[in-house]
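What follows is a single structure, written as structure tokens, with notes after it.
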Amino acid sequence: MDDHQQLRAAVRALCQRFDGAYWRAQDEARAYPEAFVQALTEAGWLSALIPEAYGGAGLGVTEASVILEEVNRSGGNSGACHAQMYVMGTLLRHGSEDQKRRYLPEVAAGRLRLQSFAVTEPTTGSDTTRLRTTAVRQGERYVVNGQKVWTSRVQHSDLMLLLARTTPLEQVKRRSEGLSVFLVDLRHSLGRGMSVRPIRNMPNHETNEVFFDNLEVPAENLIGEEGQGFRYILDGMNAERILIAAECVGDGHWFVERATRYASERVVFDRPIGQNQGVQFPIARAWVNVQAADLMRFKAAALFDAGQPCGAEANMAKLLAADASWEAANACLQTHGGFGFAAEYDVERKFRETRLYQVAPVSTNLILAYIGQHVLGMPRSY
Ligand SMILES: Cc1cc2nc3c(=O)[nH]c(=O)nc-3n(C[C@H](O)[C@H](O)[C@H](O)COP(=O)(O)OP(=O)(O)OC[C@H]3O[C@@H](n4cnc5c(N)ncnc54)[C@H](O)[C@@H]3O)c2cc1C
């Protein structure tokens with residue numbers, strides 16, 4: 001039972017100030033939706049997961065997911081800022097008390113943005129434990145060299161989480177060991193050992209190639225124990241998967257609503273096109289699949305909030321919701337005929353935006369590989 005009506009209404013009211021014309025203009029200009037992100041920050045929604053002791057709202061992943069769902073359901077795109085919610089989880093769970101006190105209240109107050117994480121690399125891709133960026137300790141600092149790709153929002157963030165290898169692969173027993181997580185203060189790093197090259201991409205997503213050339217990171221910015229970073233990053237992935245599943249559910253609802261409305265209004269051959277089963281059934285089927293994915297999303301979120309293992313459910317929610325939103329996107333575009341391709345209907349923009357979630361933050365194949373191995377007990381396939 002979804003009993004978040006007040007929360008939904010409040011987020012929806014904020015989103016109404018940023019209508020289709022707003023998002024279209026950002027898309028056309030390839031601009032970052034700064035005014036929207038600022039408004040969401042000021043209203044406190046992006047600090048939903050920060051505990052009250054550090055100035056946040058102290059809500060659960062369930063509520064956080066409702067917030068992002070509403071953004072996407074209203075026609076917006078949470079991808080501009082969703083990482084602010086889940087990136088700080090690594091700091092919260094594994095950071096020192098001093099790190100948490102220094103950064104989390106600032107993030108909660110909207111004075112600092114922590115919404116960038118640099119994990120993916122161009123040569124190793126999904127095979128994360130083989131990443132090549134190194135961080136070598138020299139006295140009271142680490143010196144970082146290497147390259148990342150698809151590092152999103154880095155130009156609109158003050159802080160960034162970085163996963164780098166601190167012990168060479170040949171010297172660890174397991175590939176997942178010897179990786180460490182650092183909190184990089186972008187304000188002191190850009191132009192001083194770190195440079196950024198934007199990647200123009202299909203949706204209007206602020207994402208970049210990042211190059212490290214002897215970047216110095218103070219040793220005090222290491223999060224948790226050296227060598228345990230991969231585990232910390234994995235820990236945060238369940239929250240990320242659940243939140244993105246909710247965004248896809250939001251997208252799915254948006255597509256179904258738009259398709260339903262258009263199918264009921266558009267008259268061709270003297271009848272509304274939605275009277276034809278060939279038009280009506282794909283929309284109905286898409287809605288059914290969005291509903292089913294939503295159940296898995298709430299199940300995963302409830303387990304997460306209860307502190308229970310939820311790896312399988314979080315992955316299933318992400319896969320089902322990404323599939324459902326993509327199916328709904330196709331049905332919506334097809335229903336609109338030629339007008340689906342016209343920017344002013346927003347369908348082609350949302351179509352591009354939701355397509356991303358078949359690939360990022362984890363591709364559908366890698367989720368199936370996880371289920372095959374960890375849930376069904378089949379041999380590891382990758
Ligand atoms: C817009 C955008 C924003 C992003 N933002 C971030 C970010 O902020 N931070 C970050 O660290 N990363 C980010 N990413 C990276 C994203 O997480 C990766 O693109 C994704 O994990 C896939 O990795 P890859 O692109 O290297 O694909 P690859 O690993 O090269 O895979 C390519 C294809 O092969 C398939 N494949 C690979 N190996 C196997 C296998 N063993 N079995 C079956 N299929 C396989 C994959 O499923 C995929 O379809 C972003 C990506 C995009 C496009």
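Would you check if there is a residue in the range 101-111 being in contact (Cβ under 8 Å) with a residue 40 or more places away in the chain and within 16 Å of the ligand (Cβ to nearest atom)? No, the conditions are met nowhere in the range 101-111.
Regarding Leu163, is this residue free of Cβ contacts under 8 Å to residues at least 12 places away in the same chain and of a type in the set (A, V, I, L, M, F, W, C)?
Numbers: free of Cβ contacts under 8 Å to residues at least 12 places away in the same chain: no; of a type in the set (A, V, I, L, M, F, W, C): yes.
It is false that Leu163 is free of Cβ contacts under 8 Å to residues at least 12 places away in the same chain and of a type in the set (A, V, I, L, M, F, W, C).
Exactly one residue among Glu63, Glu106, Glu69 is crowded, with 19+ Cβ neighbours inside 10 Å and at pLDDT 95 or above, and that residue is Glu69.
Is it the case, given these coordinates, that Tyr54 is within 20 Å of Asp251 (Cβ to Cβ) and over 20 Å from the mean Cα position of the chain (by Cα)? When the stated conditions are applied, Tyr54 does not pass them. Counting only residues that are of a type in the set (S, T, N, Q), more than 16 Å from the ligand (Cβ to nearest atom) and under 20 Å from Ala219 (Cβ atoms), the range 172-201 holds 1 of them. Out of Glu220, Glu240, one residue alone is modelled with pLDDT of 95 or more, among the charged types (D, E, K, R), away from the ligand (no atom under 16 Å from the Cβ) and out of contact with any Leu (no Cβ under 8 Å at 6 or more places or on another chain). It is Glu220. Does Asn208 satisfy the condition of being under 19 Å from the mean Cα position of the chain (by Cα), without any contact (Cβ under 8 Å) to a residue 40 or more places away in the chain and within 14 Å of the ligand (Cβ to nearest atom)? Spelling it out, it is not the case that Asn208 is under 19 Å from the mean Cα position of the chain (by Cα), without any contact (Cβ under 8 Å) to a residue 40 or more places away in the chain and within 14 Å of the ligand (Cβ to nearest atom).
If the condition is being in contact (Cβ under 8 Å) with a residue 60 or more places away in the chain and surrounded by 17 or more Cβ atoms within 10 Å (Cβ to Cβ), then the range 8-19 contributes Val11, Cys15.
When the residues of the range 341-382 are filtered to those that are near the ligand (Cβ under 9 Å from one of its atoms) and of a type in the set (S, T, N, Q), the one that is farthest from the chain's Cα centre (by Cα) is Ser381.
The values are calculated or read from the model by the stated rules, or taken from the named source; none is laboratory data. Just so it is clear, the model here is predicted, and its values are computed rather than measured. Every residue, glycine among them, receives a Cβ derived from its backbone with ideal geometry; neighbour counts consider all protein chains shown.
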